[in-house]
Amino acid sequence: MLPQPNKLSSSADFRTVMKKGSSAGSRTVVVHYYEDRAVDPPVISGGPRCGLVVSKQVGNAVTRHAVSRKLRHVFASLTDVPVEARVVIRALPASATATSQELSADVAASMARARAKAARQ
């Protein structure tokens with residue numbers, strides 16, 4: 001489980017990240033990445049914040065819950081995400097059959113591409 005300060009909880013937070021942030025995808029996930037640079041100096045506590053979107057297209061409730069657990073673990077293990085980052089990880093149907101290692105590789109690669117896009121903007 002992610003600690004409460006590391007979770008995106010409101011729909012407004014999700015909307016902001018998905019509209020203003022940059023995104024990159026892979027076979028199993030789409031990563032939306034946003035850094036709020038308007039806060040100067042950043043008043044952030046608890047580190048980067050993450051939200052998950054695992055829809056019914058991924059599978060039944062048991063499958064969705066398993067994918068959510070894997071994705072939470074993957075995000076928690078990422079060490080190079082800046083404190084001011086906001087991330088939404090959207091699971092695609094292929095994530096239902098993916099292993100933890102595949103999800104980890106896909107999230108890391110998609111995160112790197114999304115961060116590179118955000119840096120160019």
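Quick check: is even one residue across the stretch 2-15 within 12 Å of the chain's Cα centre (by Cα) and either within 20 Å of GLN121 (Cβ to Cβ) or assigned to a helix (DSSP H, G or I) (or both)? Within the stretch 2-15, one or more residues are within 12 Å of the chain's Cα centre (by Cα) and either within 20 Å of GLN121 (Cβ to Cβ) or assigned to a helix (DSSP H, G or I) (or both). Only a single item in (1) out of contact with any His (no Cβ under 9 Å at 6 or more places or on another chain); (2) closer than 25 Å to GLN121 by Cα; (3) buried (at least 17 other Cβ atoms within 10 Å of the Cβ) is not met by ASP36, and it is number (3).
Restricted to the stretch 73-115, and to residues there that are open to solvent by 50 Å² or more (accessible area, probe 1.4 Å) and of a type in the set (A, V, I, L, M, F, W, C), the residue that is modelled with the highest pLDDT is ALA105.
Looking at the stretch 13-36, which of its residues are among the polar types (S, T, N, Q) and over 30 Å from THR97 (Cβ atoms)? Explain how you work it out, then say what you get.
In the first step, residues of the stretch 13-36 are kept if they are among the polar types (S, T, N, Q); the result is 16, 22-23, 26, 28.
The one that is among the polar types (S, T, N, Q) and over 30 Å from THR97 (Cβ atoms): THR16.
Considering the stretch 39-61, and only residues there that are modelled with pLDDT under 95 and open to solvent by less than 40 Å² (accessible area, probe 1.4 Å), the residue that is farthest from the chain's Cα centre (by Cα) turns out to be GLY47. Every test in (1) free of Cβ contacts under 8 Å to residues at least 12 places away in the same chain; (2) assigned to a strand (DSSP E or B) is passed by VAL87 save one, and that test is (1). Residues in the stretch 72-96 that are out of contact with any strand residue (DSSP E or B) (no Cβ under 9 Å at 6 or more places or on another chain) and aromatic (Phe, Trp, Tyr): 0 in all.
The values are calculated or read from the model by the stated rules, or taken from the named source; none is laboratory data. Being a predicted model, the structure only gives us computed values, none of them experimental. No Cβ is skipped: glycine too gets one built from the backbone with ideal geometry, and neighbour counts run over all protein chains shown. Ligands, DNA and RNA are excluded from the accessible area calculation, which covers all protein heavy atoms including side chains. Shrake-Rupley method; radii C 1.70, N 1.55, O 1.52, S 1.80 Å.
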